[in-house]
Amino acid sequence: MAKRNIVKLGDDVLKKKCRPVTMIDSKIHELLDDMAETMHEAEGVGLAAPQVGLLKRIVVIDVGEGVIELINPEIVSVSEETQTGNEGCLSIPGRFCEVTRPKKVKVRAIDRHGKAFTMEGEDLLARAFCHEIDHLNGKLFIDIYKEQQKNAK
């Protein structure tokens, strides 16, 4: 495992849509391991592949219950109930905004062995799912914050 450099705001890779992973091999396993190590070392709760400069649909999340690896994740349902909280990002150090997200989220993804699965998250895990999957679509939490502020007017 090796720590990777985290891309910062201003790098174009953060605004691009990621490509699906079509083959899971030892390089993907290494990437998953490196991303988890990088996330933990940076004291984050999530990290998406574009944050380490790769346009692949891969996310790792750890909200304190162990690493969750998501390959080609997609949100399949969200609750009507929402939560609003302070959100930050390893790619935008020191900046935080109040962002409203669904309280519960269900995602579908593939694990490192190529097996499809679904998983539900609530509160911080739901927020992390949304935040990291947004990264895969070239959206940052500050973009969501701006949209929410604009719609509130």
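The values are calculated or read from the model by the stated rules, or taken from the named source; none is laboratory data. On a predicted model such as this, the values are computed, not experimentally measured, just so you know. Every residue, glycine among them, receives a Cβ derived from its backbone with ideal geometry; neighbour counts consider all protein chains shown.
General remarks:
- Taking each residue of the range 115-134 that is closer than 14 Å to residue 99 by Cα and looking for partners that are basic (Lys, Arg) and part of a strand (DSSP E or B) with beta-carbon atoms closer than 6 Å, six or more apart or interchain, yields 126/104; 127/101; 130/101.
- Being part of a loop (DSSP other than H, G, I, E, B) and surrounded by 12 or more Cβ atoms within 10 Å (Cβ to Cβ) holds for only one residue in 138, 88, and it is 138.
- Qualifying residue in the range 97-119 (condition: touching a helix residue (DSSP H, G or I) at 6+ places or on another chain (Cβ under 7 Å), buried (at least 19 other Cβ atoms within 10 Å of the Cβ), of a type outside the set (Asp, Glu) and in a loop (DSSP other than H, G, I, E, B)): no
- Considering residues of the range 12-21 that are surrounded by 14 or more Cβ atoms within 10 Å (Cβ to Cβ) and in a loop (DSSP other than H, G, I, E, B) only, the residue nearest to the chain's Cα centre (by Cα): 18
- Test for residue 110: is it among the β-branched types (Val, Ile, Thr) and either modelled with pLDDT under 95 or more than 26 Å from residue 26 (Cβ to Cβ) (or both): no
- Count - residues of the range 22-68 that are in a strand (DSSP E or B) and crowded, with 22+ Cβ neighbours inside 10 Å: 8
- Residues in the range 61-72 that are under 15 Å from residue 124 (Cβ atoms) and either in contact with a Gly (Cβ under 9 Å, 6 or more places away or on another chain) or not acidic (Asp, Glu) (or both): 61, 62, 63, 64, 66, 67, 68.
- Of everything listed in (1) of a type outside the set (D, E, K, R); (2) over 19 Å from residue 111 (Cα atoms); (3) outside any helix (DSSP H, G or I); (4) without any contact (Cβ under 8 Å) to a residue 40 or more places away in the chain, the single unmet condition for residue 9 is (4).
- The range 113-144: number of residues that are over 17 Å from residue 46 (Cβ atoms) and either of a type in the set (Lys, Arg) or at pLDDT below 95 (or both): 1
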